[in-house]
Each structure stands twice: as structure tokens, then as C-alpha cells.
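Read the structure below first, then the notes.
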Amino acid sequence: MPFCFVPFMHSRIDTQAQNRPCCSWRWKPGQYDLQNWEGKDYQDIRKSLMDDNSEWREECGDCQNREESGAESLREAYNLIYDELGKPELNIINGTNFEMPISYDLGFNNLCNLSCRMCGPKFSLQIQKEAKKHPELWPHWPDVHKDYSSKYDLDIILNNVESVYEFKFLGGEPTLQPETQAILKRLVEVGHTDFIKIFITTNGTNANHYFFNLLTKFKKVDIQFSIDAYGPGHDYIRGPASNFKKIWENISKISELNWAGTPNFEINQTVQVFNIFDFWRLRQEVNNQFKSFKFRNFIVYTPEFHSPSYIQNKWKDKAKEIAINEGVFEDEKHIFNEIYKYDYKPDAMKALVANTHLMDPVRNQFLKDYYPLCYEMLEEIK
């Protein structure tokens, strides 16, 4: 396992106020006790990730897959921060001389206005409502009645904002969450706006004036827009409340605000079964219309029936053939390298057929109208 700076400086806090080293960390509930920053399990993790010569940890599979397929991993991104901070002295007990997390991923609750098919009630209130009404659509999420409202003691962060290097505000939808606004407001009040880094992951549906008026006061801002396709296919994946045209207008409007610094804008795309035959079109349009934007895409693995890694090879070949003919294969080579590493999972694809058959009429959005080639593939499985 190559060295990773993440557990020495970073904490991911989810909708259940549970801590883990990062959003890519794969673990089973109860496997570790990571609530205590100085606890034994955290110390063991730090110890294992200090040594460049050890094996990859099972929990770090997402980063391992990305690096082996040629894409940048979260590990590599945080190791750049380690260099940026002057390589602070590391220790097993509390990470660094800062003695507390100086970087946070925050997903306070499931307040979100969309219902993405590859998501779940833990991250979207709209999905939770749908799952309660139509539990047959979400059998892979048994905890639909769980309370996903914020349980984290926000004062722990609000009283220590001046020592924080970066905040990453994740989903639900951060632009709708009062906790996100409270932290931004506190940072402005204490004058910690010039050096702190602010990351926002947003679905782009909300261009709320008050929220973005706060955000424009910070000099180091990264905004990551979660977009899965260019055009109506995005709305099929993201649910009936999604309006791609409006979202695209919001992205343009937000990028043109009067910012205190020079923000970084990025489009993040999930590659899944639905969009596997034309996912690259989004990158093309971003390059044409938002030339200064970064672009990153990655493969969906959970739930596994949404992952293109598990479709039949002949359909992977078809997607690759289209990408080559469109002249975009080299840009997307990392995606194809990764999906060819996995074998066909017929049970997973049959589950997708069943789920799509049930969900489409409930949402009045039908796969054949948005992704006809994917529809043809699933009909063959059916």
C-alpha cells in the first residue's frame, strides 16, 4: 500500500454522524470504531498507511482501481496536500502536529431535491419518500425508515473553524443544507476566507443567491457539478425533478459570479449501465462550452446492478467501438481499462432489468426514450 496522507488529516462525517477516513473507504458497519480520532483503530490505519512497501488495504480498493486504470485517485490528491503543507511531521496517535482533523468531508443529512437511480435514501430525501411509497423499487436499501436528519454536533466544527485547512461539503445537496450555510457564515465572521479551501459538490439545480453570495467571499473555492449526461439522459438518471436545461444555465450563471478569487470548476460524471454507450458526449460539450472547467468521470459500483463493469463483453466491445468511431477513446481509455477487468454478472443485470421495469412507469420516464441502445441490451437479457 503506497503512503496515504488521508487518515492523518482528514475525516469524513456522514448522515449518521459516523466518521471514516474518506468517502472512498470501503468498510462494513461495525468493522471499526472510528469515532475517536485518537482511538486504536484509527492508529492502526495510520500505521498501515505510513509504509510505502505494504500491501493495498481492502478498504482502499477504489483508489487502487483508479490508479491501476490510469486515473487520479483520492490518495494521490491528498498526498499533494501533504506536499503543499510542507510535509508536516506525522504521528500515529493524532495524525499530525495539528492534533485534530484539518480537513472534513461533510454530508450532514439526506436533504436533496433529486432522486438519482444509483443513489439511495441515505443521501436523498426524495428517494426516501419514494422508497416508503414504493419499497419494491429500493429493495437494496432496507433502511428506508431510518432517520437521516443531522445528528452531528455542529458546534465542534463551528468552534474550531480557524484551524481547518479545507471543508468539503457533500450530499445530500449542500446548497440546500442549513449546516453548510452556518459553517460558511462562521468562516466569514472570523475572517477565515483567504486561505481556507472550500469544496462544494452540487447537482446544479439550486443557484440560491444567499448561499452563493457567501461562497463568493472565499478566495479558494472548488465547485464540482455532478452531471451524468448531456441532455435529457441526465434527467432520466437523476429523476423527474431534474431539468438539464435549467441546470446547464445555472452552471453558466454560477461560473460568471463576482468571485473574490479564481474558483475551480469541475464536472463530475458517473459512468453506469445507462450511459455507457454515449457517456463521452458530456466531456465533449464541457470542453466546447466551459473550456476552463476540469472534467472527471468514474464508474458506479454500488449498487452493482448499475455498474457497466458487469455487462457482457460484447456490449463492452460495442461501447468501445462507438468511442473509437467517435474519436474519443483515448480520452476515456481509463474507463474501458477498468470495465474490462470484470466479468459479466447475469444476476446483477437481471436485477437492473427488473428494477428498470418497475421504476420507469412510477416515474413516467422510460429507458427506450432516453437510451435506446441500453434498452436493446437489457431487452436481450430479459
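Here, each number is a calculation from the coordinates, and none is a lab measurement. Computed from a predicted structure; not experimentally measured. All Cβ positions, glycine included, derive from the backbone under ideal geometry; neighbour counts span all protein chains shown.
Values as computed for the structure displayed
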item: ³J(HN,Hα), Karplus 6.51/-1.76/1.60, whole Hz, each residue of the stretch 6-22, x for Gly, Pro; result: 3, x, 8, 9, 10, 9, 9, 10, 9, 5, 9, 6, 8, 8, 7, x, 7
item: Label point 7 Å beyond Cα of VAL188 along Cβ direction - residues of the stretch 212-227 with amide nitrogen under 14 Å; result: 212-219
item: When the stretch 102-306 is reduced to its Cα atoms, the Kirkwood hydrodynamic radius in Å; result: 17.8
item: Label-to-label distance, nm, for residues given as HIS134 and LYS341 (7 Å Cα→Cβ offset); result: 3.4
item: Cysteines having no other Cys beta carbon under 4.7 Å from their own, within the chain; result: CYS4, CYS22, CYS23, CYS60, CYS63, CYS112, CYS374
item: Those aspartates and glutamates that a straight Cα-Cα span of less than 19 Å connects to LYS40, excepting residues fewer than 8 apart in one chain; result: ASP51, GLU58, GLU59, GLU99
item: Overall form of the stretch 13-71 per C-alpha gyration tensor (a/c, 1.5; a/b vs b/c); result: oblate
item: GNM flexibility winner over the chain from GLY171, GLY261, GLY120 (Cα, springs under 10 Å); result: GLY261
item: Gyration tensor (alpha-carbon) shape descriptor, the stretch 229-375, a/c threshold 1.5; result: oblate
item: Flagged links, alpha-carbon separation over 20 Å, of LYS219/LYS245; LYS168/LYS341; LYS133/LYS245; LYS314/LYS382; result: LYS219/LYS245; LYS168/LYS341; LYS133/LYS245
item: Filter on LYS197/LYS253; LYS220/LYS294; LYS185/LYS220 - keep pairs with C-alpha separation over 18 Å; result: LYS197/LYS253
item: MRE, 222 nm, helices only [DSSP H, n ≥ 4, -39500 (n - 2.57), over the chain, to nearest 500]; result: -10500 deg cm²/dmol
item: Amide H contacts of PHE169 (H built 1.01 Å from N, under 5 Å, at least 5 apart or other chain); result: LEU106, PHE199, ILE200, THR201
item: The stretch 176-192 and the stretch 124-139: distance between their alpha carbon centers, rounded to Å; result: 32
item: Rounded to whole Hz, the Karplus (6.51, -1.76, 1.60) HN-Hα couplings of the stretch 346-356, x for glycine and proline; result: x, 5, 5, 5, 5, 5, 5, 4, 5, 5, 5
item: Cα gyration tensor shape for the stretch 41-193, rounded if a/c is under 1.5, else prolate or oblate; result: oblate
item: Cross-link partners of LYS47 among lysines (Cα-Cα below 18 Å; sequence separation of 8 or more within a chain); result: LYS87
item: Rounded to whole Å, sorted largest first: equivalent-ellipsoid semi-axes of the chain, Cα gyration tensor; result: 33, 24, 22
item: Qualifying lysines (Cα of each under 19 Å from Cα of LYS129; at least 8 residues distant if same chain); result: LYS146
item: The stretch 43-120 versus the stretch 261-338: alpha-carbon centroid distance in Å; result: 23
item: Using a Förster distance of 30 Å, the FRET efficiency for ASP51-LYS246 (Cβ separation, nearest 0.05); result: 0.05
item: Length released on extending from THR262 to GLN18, taking residue separation times 0.36 nm less the Cα-Cα span; result: 84.5 nm
